Amino acid sequence: MKAREEALGIFLSALRASRIGPAMGRCFHCDGTVLEIGDNRYQTTEYERLVLIAIGKAAGSMSTAFLDQTSTIAERFEGIIAGHPSEEPLPARFRKYRGGHPTPNEASIAAAEDTLRTLESLTERDLVVFLISGGGSAMVEQFLLTSASLDVVIETHKALVECGAPITQINVVRKHLSAVKGGRLAAAAAPAEQVTVFVSDVPAGELDALSSGPTMPDRSTMDDVYQIANRYELAKRLPAPVAGLLESHALTETPKLGDITFERSQWVVLLDSACLEHAAAVQARELGWHVEVDNTCDDWSTERAAEHLLHRLREMRSARERVCLLSAGEVTVCVPSSVKGNGGRNQHFALLCSEKIADSDIVVLSGGSDGIDGNSEAAGAIVDGTTVSRADVVGFPVNRALQEFNSGALLALLGDNITTGPTGNNLRDLRILLAP
Ligand SMILES: O=C(O)[C@H](O)CO
């Protein structure tokens, strides 16, 4: 029982240490007229309009923290908050949209329209601050294919997130279909001065994939899209109008590095998954665990990642006691389109592990830093050597839950889910494996 409690303690402490407010306090300074963001300085009296555009699961919490940090000039900012709302109400001069996730909804479309209209009205005398966090690909969306209905947009996103491709490749496709991704928000805002602050839920070095890189030069090309479409047989999965667009090679290219669009753009990373992992390691060491980190399985399938990490943990265990293996990033689950189970990749990963650790003293926790795993109410799950036998006792065997992609339902029944509620943050997932 102790190792279970400690795993949970490590996870919760890592979430606390990576909160957005304190991170903004370290990165932002505002003395009344000069706004400093990282190494960039903006003399705010030189701008006519100050605009804030926040997109993603952390849009509300990033906006609240931003307005707190810039309190002396906050009144001058107007703008759009598109994503999860903050706990505290934001001033009425900000238009708010609760965009859908994991697939877009009507608010996602309305947010995209409003954002494009607002940005297109800016001039070289204006400053726009973008606050971008993960989840934004679905929460703000407008297809370049203007005849696409909301159903087509939703079906396209669903097909992409369920095709088994890593997020960076999913977003290569999304960027080339969208009027608000792959640098196109930066293009809409040019010639205004632009600074983007990131709370990243993508692998290190892949920032232009974050929320499909709305303000960054896009490194991917249309050829990449066609290759990804072939590799993941997207023609079979995508709705007809979008599949047709890809088959006829009728996409348009995104803005690239060196384009005039980005001449007045800066980018600053506020938090990423390395911060979460570092905080977990600090807490685990304080509890007396010997900690190692293994992120090699980022974007692997849940099966391969479970095999790899448990093998590594057992190797560590053969040399010493109280070993803790941490792994940040995401694993992928390929869900057949007909399946209607409850759960997410963390719960699926944890349940897969439960079969491999049955009757042992190993504990495995897998949780999302946003507090929402897939379509479930949980952040993730924590399993141990008794999970399989407890599942048998309630008449819902682990292998059935896995086959039905219904891990969330079984883990809820067993009390093995972790429920934090939405955290207002989004730094990818954390896996904590303990062998006492
Ligand atoms: O919204 C998205 O595209 C993912 O969360 C990655 O940032």
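List of remarks:
- Scope the stretch 308-335; condition open to solvent by less than 10 Å² (accessible area, probe 1.4 Å) and in a helix (DSSP H, G or I); matching residues: Leu309, Leu310, Leu313
- Any chance Phe396 is among the aromatic types (Phe, Trp, Tyr) and part of a helix (DSSP H, G or I): no
- Residue in the stretch 36-66 that is most open to solvent (accessible area, probe 1.4 Å), counting only those that are over 26 Å from Asn426 (Cα atoms) and aromatic (Phe, Trp, Tyr): Tyr47
- From the list Gly374, Gly424, the one residue that fits, being touching a helix residue (DSSP H, G or I) at 6+ places or on another chain (Cβ under 7 Å), open to solvent by 30 Å² or more (accessible area, probe 1.4 Å) and at pLDDT below 95, is Gly374.
- Members of the stretch 56-80 that are within 16 Å of the ligand (Cβ to nearest atom) and touching a Leu at 6+ places or on another chain (Cβ under 7 Å): Ala59, Met62
- Among the numbered conditions (1) in contact (Cβ under 8 Å) with a residue 12 or more places away in the chain; (2) open to solvent by 20 Å² or more (accessible area, probe 1.4 Å); (3) in a helix (DSSP H, G or I); (4) over 27 Å from Leu185 (Cβ atoms), the only one that Ala284 does not meet is (2).
- Of all residues making up the stretch 336-358, the number that are in contact with a Gly (Cβ under 9 Å, 6 or more places away or on another chain) and open to solvent by less than 60 Å² (accessible area, probe 1.4 Å): 13
- Conditions (1) surrounded by fewer than 22 Cβ atoms within 10 Å (Cβ to Cβ); (2) in contact (Cβ under 8 Å) with a residue 40 or more places away in the chain; (3) outside any helix (DSSP H, G or I): number failed by Lys181: (1)
- Here is the figure for the stretch 377-392: residues that are crowded, with 22+ Cβ neighbours inside 10 Å, in contact with a Ser or Thr (Cβ under 6 Å, 6 or more places away or on another chain) and part of a loop (DSSP other than H, G, I, E, B) total 2.
- Tally, over the stretch 198-231, of residues that are assigned to a helix (DSSP H, G or I), within 10 Å of the ligand (Cβ to nearest atom) and open to solvent by 20 Å² or more (accessible area, probe 1.4 Å): 1
- No other residue among Phe94, Phe130 is of a type in the set (Phe, Trp, Tyr), assigned by TED's automatic domain parsing to the domain that holds His176 and surrounded by 24 or more Cβ atoms within 10 Å (Cβ to Cβ) apart from Phe130.
The values are calculated or read from the model by the stated rules, or taken from the named source; none is laboratory data. Treat the numbers as computed from the prediction; the structure is a model and nothing was measured. Reconstructed Cβ throughout: ideal geometry from the backbone, glycine too, with neighbour counts over all protein chains shown. Note: areas computed on protein heavy atoms with side chains; ligands, DNA, RNA excluded. Shrake-Rupley method; radii C 1.70, N 1.55, O 1.52, S 1.80 Å.
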